[in-house]
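S.K.: Have a look at this one before I ask anything.
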Amino acid sequence: MSKVASLACVILSTAAMAAPHLHALAAEPPSTAAPAPSATKPGFQCHDKALTGSGPGFKDSQEESEKAAKEDWLGKAQAIYSDAEWNTAKDVNMECVKQGLYSKCFATGVPCHPKPSEHGNASP
């Protein structure tokens, strides 16, 4: 058996043995970055749907994975509202999946931004 074929057998065998356990790992309670508000904050207007960011690949630190997910989400949110921030989003949720020592997180939220001032002109 060639080295490539042997390596493929080992990888496939490992994946087959790990498959039942991956469901259990994914079923772990998700870590939440902040309580999810359900209403738009006063003085803010929000987009009509939630966005999800995850960042590339698995990280060896959950904190780094959460940070990557928030940064990816923020890039998408700021394409809609240039002044969008994670802490002003509505219905925020952070879910992380663990695989061994590695994790991948998914940040979901509805981007919001301050409403435009209704008093555009200052009165004398």
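Readers should treat all values here as calculations from the given coordinates under stated rules, not as data from a laboratory. Note that the structure is a prediction, hence the values are computed from the model and not measured. We place every Cβ from the backbone using ideal geometry, glycine too, and count neighbours over all the protein chains shown.
S.K.: Would you order Lys104, Lys115 from fewest to most other beta-carbon atoms within 10 Å of each residue's own beta-carbon?
M.R.: Lowest count first: Lys115, Lys104.
S.K.: Return the inverse of the average 1/r over all pairs of distinct C-alpha atoms in segment 31-114, which is the Kirkwood hydrodynamic radius, in Å to one decimal.
M.R.: Values: mean 1/r = 0.0785 Å⁻¹.
The Cα-based Kirkwood calculation yields 12.7 Å.
S.K.: How much length is gained if the chain between Phe44 and Ser117 is pulled fully straight, taking 0.36 nm per residue apart and subtracting their Cα-Cα distance, in nm to one decimal? Walk me through the numbers before you get to the answer.
M.R.: Working: separation 73, 0.36 × 73 = 26.28 nm, distance 1.06 nm.
Roughly 25.2 nm would be gained on extension.
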